[in-house]
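No value in this document is a laboratory result; all are computed from the given coordinates. This structure is a prediction, so every number in the text was calculated from the model and none was measured. Cβ placement follows ideal geometry from the backbone for every residue including glycine, while neighbour counts extend to all protein chains displayed.
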Amino acid sequence: MTGTDKPKWWRDNERLRAEMGLAEYRPPRFADGVYTHEVVDPLEATHNCRIQFIGVNTRYPDDWEVRIDGTPAFEIGRHRDESGNTVYEMTVGAFREAVDEHFANE
């Protein structure tokens, strides 16, 4: 994403991190490097639902779960990269399959 493509909150975050000497911010992403919002937003539109990554009473590095319209759908591992940014331990393809399987089993 280029600077002009980024939302204002992201540009503000970059400015603050630079002022404080912090590592670059990257939004949560999947194991294959694709940002979660690039996958989740279209899936939500396709299925007319809300998809959330939730950690309930977890401690780092416990797995989280994905909820679809508030219902637990499947677990997802996560870790922080060297800059402290979230990486979900699932590829985009596996994530899409898990979401599709959730809807197939409804």
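Brief remarks follow.
- Mean residue ellipticity (222 nm) of the chain, computed from DSSP H runs ≥ 4 via -39,500 (n - 2.57), nearest 500: -11500 deg cm²/dmol
- Theoretical FRET efficiency, 1/(1+(r/R0)^6), r = Cβ-Cβ of residue 100 and residue 26, R0 30 Å, to 0.05: 0.70
- Listed by Cβ neighbour count within 10 Å, with the fewest neighbours leading, 60, 25 appear as 60, 25.
- With R₀ set to 25 Å, the beta-carbon distance separating residue 56 from residue 86 gives a calculated FRET efficiency near 0.95.
- Entry for P(r) over Cα pairs in 5 Å bins from 0, in percent (calculated from the structure that is shown) out of (1) 3, 12, 21, 19, 13, 9, 6, 5, 4, 3, 2, 1, 1, 0; (2) 2, 11, 20, 22, 18, 15, 9, 3, 1, 0; (3) 2, 9, 6, 7, 5, 6, 5, 5, 5, 4, 5, 4, 4, 4, 3, 3, 3, 3, 3, 2, 2, 2, 2, 2, 1, 1, 1, 1, 0, 0: (2)
- Ranked 20, 90, criterion: other C-beta atoms within 10 Å, fewest first: 20, 90
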